């Protein structure tokens, strides 16, 4: 009888220890997941795109800002302003205070001046990066209804994806015009595969502006 009680006690201790380790491992995994800086990663990606697109816009001759690969397709300046407009508009959709004076209606065609376009690009990325940095984890999971997106985090992820997509398109535009960017040094190795995939995507996807399904902001859907 004593041996039986001892065996049961030993088994109980083993099971308790195993359960404790399991809970500890689960807690550790949860801590690691919580510590992943989604907002910080998004801002890093946007800063990288900003660096590359501004460098590209500076390298593109001013007379090429009205160039377009075909009728009905966005021109060079319109692609740049499409990116800027998305940064302004989508960031406001995500809950940031609207950028002063921004109106989505007609924004892409508002100017072809090289200096002004580059200024707007920088302003839009600075605005998006600062706004996302100021969001909390609770903000990211806040529900919203915009197109197919159901949370603030969804919109933030789309802001990053949209910027990368049209950077690739702009690289293709530049190469079609014989423009080689000689700006800041290449980004880290972790982005090299993204760079290649962006260019492949852009070459497959030069489409009329009227049929752009990536960003369908309506004037009444963006505050400001």
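Table: residues versus (1) within 18 Å of residue 171 (Cβ to Cβ); (2) free of Cβ contacts under 8 Å to residues at least 60 places away in the same chain.
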{"residue": "61", "(1), (2)": "yes, no"}
{"residue": "64", "(1), (2)": "yes, no"}
{"residue": "72", "(1), (2)": "no, no"}
{"residue": "76", "(1), (2)": "yes, no"}
{"residue": "94", "(1), (2)": "no, no"}
{"residue": "110", "(1), (2)": "no, yes"}
{"residue": "133", "(1), (2)": "no, no"}
Index of the failed condition, residue 100 passing every other in (1) exposed (fewer than 15 other Cβ atoms within 10 Å of the Cβ); (2) touching a helix residue (DSSP H, G or I) at 6+ places or on another chain (Cβ under 8 Å): (2)
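Say whether the condition of being assigned to a loop (DSSP other than H, G, I, E, B), surrounded by fewer than 21 Cβ atoms within 10 Å (Cβ to Cβ) and more than 17 Å from the chain's Cα centre (by Cα) is met by at least one residue in the range 138-147.
Step one: filter the range 138-147 for residues assigned to a loop (DSSP other than H, G, I, E, B), giving 141-142, 147.
Subsequent filtering for residues that are surrounded by fewer than 21 Cβ atoms within 10 Å (Cβ to Cβ) retains 141-142, 147.
If we keep only those that are more than 17 Å from the chain's Cα centre (by Cα) as well, we get 142.
Yes, the conditions are met somewhere in the range 138-147.
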Somewhere in the range 158-170, is a residue more than 16 Å from residue 50 (Cα to Cα) and modelled with pLDDT of 95 or more? no
Surrounded by fewer than 17 Cβ atoms within 10 Å (Cβ to Cβ), part of a helix (DSSP H, G or I) and either without any contact (Cβ under 8 Å) to a residue 60 or more places away in the chain or in contact with a helix residue (DSSP H, G or I) (Cβ under 9 Å, 6 or more places away or on another chain) (or both), is that true of residue 119? yes
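The values are calculated or read from the model by the stated rules, or taken from the named source; none is laboratory data. All values reported here derive from a predicted model rather than from experimental measurement. Here Cβ is always computed from backbone atoms with ideal geometry, including for glycine, and neighbour counts include all displayed protein chains.
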